[in-house]
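> Before we start, here is the structure in question, set down as structure tokens.
Read the figures in this text as sums done on the coordinates, not as results from a lab. Only a predicted model underlies this, so the values are computations on that prediction, with no experimental measurement involved. Note: ideal-geometry Cβ built from the backbone for every residue, glycine included; neighbour counts use all protein chains shown.
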């Protein structure tokens, strides 16, 4: 017997995911292309790394957690410098341009969010297939919810701080 209502899961995960995606897009909007890979504080990351890093995960969510390999989109840039744990460098040539990352980032997360309502209870309740992540988020549904909400927002805190450090300031609330 299922413990999960796919409709309830969708109603919880998708609005937060849309909010996270919207915030991420708003933070990126005012960043000039020529400052995209600027290091504001030694040891910190910049938007080129952060958004590129986040953009590589929707395909992993679709294929790995959701079983929707049919929705995986070809990534338009080299992912090798964007993996978790990689050092962020000020060499802009190591990262895809904002004009390449942002349309893909938006489309990829929208694809994930549109597919969540189609998930079965069995898929949501399935064991998280990522071994090193399973101890924290044992179910695929928990991992999906984390990746479309918390993971994005963790990194948006970095972008928000970066914006202030280079003088772009906070987003306007008006």
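> Please work out how much length the chain gains when fully extended from residue 127 to residue 161, using 0.36 nm per residue of separation minus the C-alpha to C-alpha distance, in nm with one decimal.
Gain in length upon complete extension: 8.7 nm.
> A further question follows. If neighbour count is taken as other Cβ atoms inside 10 Å, put 98, 136, 106 in order from fewest to most.
Result, fewest neighbours first: 136, 106, 98.
> Could you state the principal axis extents of the C-alpha atoms in region 112-174, from the largest down, to the nearest angstrom?
Projected onto its principal axes, the Cα set of region 112-174 covers 47, 27, 13 Å.
> So what is the calculated 222 nm ellipticity per residue for the chain, using -39500 (n - 2.57) for each DSSP H run with n of 4 or more, over all residues, to the nearest 500 deg cm²/dmol?
About -15500 deg cm²/dmol.
> Expressed as cubic angstrom per residue, what is the convex hull volume of the alpha carbon set of the chain?
Given the Cα convex hull of the chain, per-residue volume reads 117 Å³.
> Now, a different point. As I understand it, the value is the acute angle between the Cα axis of helix 150-165 and the longest principal axis of the Cα atoms of the chain; what does it come to in degrees, rounded to 10?
10
> Determine the distance separating the Cα centre of region 48-73 from the Cα centre of region 112-158; give it in Å without decimals.
11
> A further question on this structure: What relative contact order, as a whole-number percentage, does the chain give when Cα pairs under 8 Å and 6 or more residues apart are counted?
After rounding, I find 34 percent.
> Next up: Using 0.36 nm per residue of separation minus the Cα-Cα distance, give me the extension gain between residue 87 and residue 150 in nm, one decimal.
Length difference between fully extended and current span is 20.5 nm.
> OK, next. How long is the gain from residue 70 to residue 25 if the chain were fully straight, where each residue apart is worth 0.36 nm and the alpha carbon distance is subtracted?
Fully extending the segment from residue 70 to residue 25 adds 13.7 nm.
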